[in-house]
1. Within the range 84-106, is even one residue touching a residue at least 12 places away in the same chain (Cβ under 8 Å), of a type in the set (Asp, Glu), farther than 22 Å from residue 138 by Cβ and assigned to a loop (DSSP other than H, G, I, E, B)?
2. Within the range 8-54, restricting attention to residues that are polar (S, T, N, Q) and touching a His at 6+ places or on another chain (Cβ under 8 Å), which residue is farthest from residue 149 (Cα to Cα)?
3. So which residues in the range 120-150 are under 14 Å from the mean Cα position of the chain (by Cα) and farther than 24 Å from residue 99 by Cβ, if there are any at all?
4. Scanning the range 51-81 for residues that are hydrophobic (A, V, I, L, M, F, W, C) and at pLDDT 85 or above, which turns out surrounded by the most Cβ atoms within 10 Å (Cβ to Cβ)?
5. Before we move on, is residue 43 out of contact with any Phe, Trp or Tyr (no Cβ under 9 Å at 6 or more places or on another chain), in a loop (DSSP other than H, G, I, E, B) and touching a residue at least 60 places away in the same chain (Cβ under 8 Å)?
6. In the range 107-151, what residues are assigned to a strand (DSSP E or B) and not β-branched (Val, Ile, Thr)?
7. Any idea which residue in the range 152-175 is modelled with the highest pLDDT, counting only those that are exposed (fewer than 15 other Cβ atoms within 10 Å of the Cβ), not aliphatic (A, V, I, L, M) and not in a loop (DSSP other than H, G, I, E, B)?
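The values are calculated or read from the model by the stated rules, or taken from the named source; none is laboratory data. Given the structure is predicted, the values throughout are model-derived calculations rather than measurements. Positions of Cβ are generated from backbone atoms using ideal geometry, with glycine treated the same way; all protein chains shown enter the neighbour counts.
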Amino acid sequence: MKSYILTFQFENIEPVVLRKVIVPGGITFNRLHDVIQNVTNFQSGYPYEPIHLFGFQLDDVVVTNNVQRIDEAKSKSYKGIAVKQPTRIKIDTYLERLGEFLYVYDFGDDWRIHVKLEEVVEDYYFGFPTVLDWAGEAPPEDVDGPPGFEHFLEVYQSSSHPSITISKVGRLSRVSDYSIKCL
């Protein structure tokens, strides 16, 4: 089965947050959104209900779940850009033609994840996505994007920061093992 090895790298975040994943060919952009959600620990992909809007920026095409934008595009030319639904468009043609594109998640927080095609694999025997490698802890959901994540890390790394209390939920292994409450 034809498959793609992709890297997903958050923009504007230090240290680097990156995931290397193999996905089967023929999946839709909606399924790619689900994969990105699952490997970054965001919660707007399968099996969860969508809680934020997302879009893929593909040169002259935007693939998005933003119904308002899709409706506007049906009624008129949307700034010379085609707007399409993620459930109807497969990734193959765009991946192979462009090699890379931008995924934007949660238009309020403005998470930007660079999607890059690393390799085309012709003989992948499994029909499901698999994480091959990773670097960095992904940010928690709803911390107000890269600037908010930077502040979150500052607060998290300082046991004496004046604006928080930290209560341990379990054995420390990830940022999500702590419950952080702003006062």
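1. So far as the range 84-106 goes, no, none of its residues is touching a residue at least 12 places away in the same chain (Cβ under 8 Å), of a type in the set (Asp, Glu), farther than 22 Å from residue 138 by Cβ and assigned to a loop (DSSP other than H, G, I, E, B).
2. Of the range 8-54, the ones polar (S, T, N, Q) are 9, 12, 28, 30, 37-38, 40-41, 43-44.
Restricting the remaining residues to those that are touching a His at 6+ places or on another chain (Cβ under 8 Å) gives 9, 44.
Working: 9: 15, 44: 18 Å.
Result: 44.
3. Within the range 120-150, 137, 139, 140, 141, 142, 145, 146 qualify.
4. Initial filter on the range 51-81 (hydrophobic (A, V, I, L, M, F, W, C)): 51, 53-54, 56, 58, 61-63, 67, 70, 73, 81.
Applying the additional criterion that residues be at pLDDT 85 or above yields 53-54, 56, 58, 61-63, 67.
Numbers: 53: 17, 54: 25, 56: 23, 58: 23, 61: 16, 62: 20, 63: 27, 67: 10.
In this case the residue turns out to be 63.
5. Details: out of contact with any Phe, Trp or Tyr (no Cβ under 9 Å at 6 or more places or on another chain): yes; in a loop (DSSP other than H, G, I, E, B): yes; touching a residue at least 60 places away in the same chain (Cβ under 8 Å): yes.
In short, yes.
6. Initially, the range 107-151 is screened for residues assigned to a strand (DSSP E or B), giving 111-121, 130-135.
Within the range 107-151, 111, 112, 114, 116, 117, 118, 119, 132, 133, 134, 135 meet the criteria.
7. Taking the candidates together, the pick is 154.
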